[in-house]
Amino acid sequence: MPRTIPWRARLLNKAYGLPFADAILKRRAQSMIDRSRVMQAMRPGGVYLDVGSGTGHIIERLARQTAELETRFVGIDLFWKPIGRVTRRLRDKAPGRAVFTHASATALSMPDASCDAVTCFYVLHHIPDMLHAQVLDEIHRVLKVGGTFHLLEDTPTDEASWARQERWDRRVNFESRSEKHYYRWAGDWPSLLEQHGLKLTHREDFEEDGGRDGMIHHTAYVTVKEG
């Protein structure tokens, strides 16, 4: 699969590096961290993987909040790389604790049972649903027994909600009308996760204001890899 960043990602990387956009992304990253309950998984010397790490704000926030634990973070993304502001802050505030690499979610570049926790925030609905099983198998592979997987996903509640979700997604991500989304209903995720060895321990449904697109429905899932 291609390792180069498409034109839209290159363009948005520059736009997201502007001070006002950076501030918005920091707030959004903190909201996702809080919703996902991933801070409860932080352990001294732990290794944490963010699948679809994008601009790097999630890892930056986690790294700065866990300095005393000496945790280490790996960000994997097929197209994106951290914006310059994030890279500079990590170099200053969390030197040597975060690594970013281009890789596919279907072939994670991590050893077996190497991660204490994995996060994946609003990524899977951009990956064809026929590949979701492969991604979840990879996440299960890299997790330690007792390790946790923290998933945030867009979860439309009906056909009208699905259409609103697509409009909102395309607008905020500057997507064309031809780009597909692979949402699942909120109730479908728990059984899929458990089929791949990830036992659900927490679920929270929530909404955010999508402006002219109306209320957008999301769900947070926390799972554990059992022995």
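The values are calculated or read from the model by the stated rules, or taken from the named source; none is laboratory data. The model shown is predicted, which means the values in this text are computed figures rather than measured ones. Reconstructed Cβ throughout: ideal geometry from the backbone, glycine too, with neighbour counts over all protein chains shown.
List of remarks:
- When region 61-90 is filtered for residues that are surrounded by fewer than 19 Cβ atoms within 10 Å (Cβ to Cβ), outside any loop (DSSP other than H, G, I, E, B) and of a type outside the set (Lys, Arg), the ones remaining, listed by number, are Gln65, Ala67, Glu68, Leu69, Gly84, Thr87.
- Selection status of Ile58, assigned to a helix (DSSP H, G or I) and modelled with pLDDT of 95 or more: yes
- Within region 133-162, the set of residues being over 23 Å from Gly197 (Cβ atoms) and either outside any helix (DSSP H, G or I) or small (Gly, Ala, Ser) (or both) comprises Asp154, Pro156, Thr157, Asp158, Ala160, Ser161.
- Extreme residue, surrounded by the fewest Cβ atoms within 10 Å (Cβ to Cβ), among residues of region 102-132 that are of a type in the set (Ser, Thr, Tyr) and in a loop (DSSP other than H, G, I, E, B): Ser109
- Looking only at residues in region 11-58 that are touching a residue at least 12 places away in the same chain (Cβ under 8 Å) and among the aromatic types (Phe, Trp, Tyr), the one that is surrounded by the most Cβ atoms within 10 Å (Cβ to Cβ) is Tyr48.
- With respect to being farther than 17 Å from Ala220 by Cβ and acidic (Asp, Glu), Glu179 fits the description.
- Of all residues in region 163-210, those being at pLDDT below 95, within 20 Å of Ile127 (Cβ to Cβ), of a type in the set (A, V, I, L, M, F, W, C) and in a helix (DSSP H, G or I) number 2.
- In region 91-101, residue surrounded by the most Cβ atoms within 10 Å (Cβ to Cβ) [restricted to those that are over 18 Å from the mean Cα position of the chain (by Cα) and in contact (Cβ under 8 Å) with a residue 24 or more places away in the chain]: Ala94
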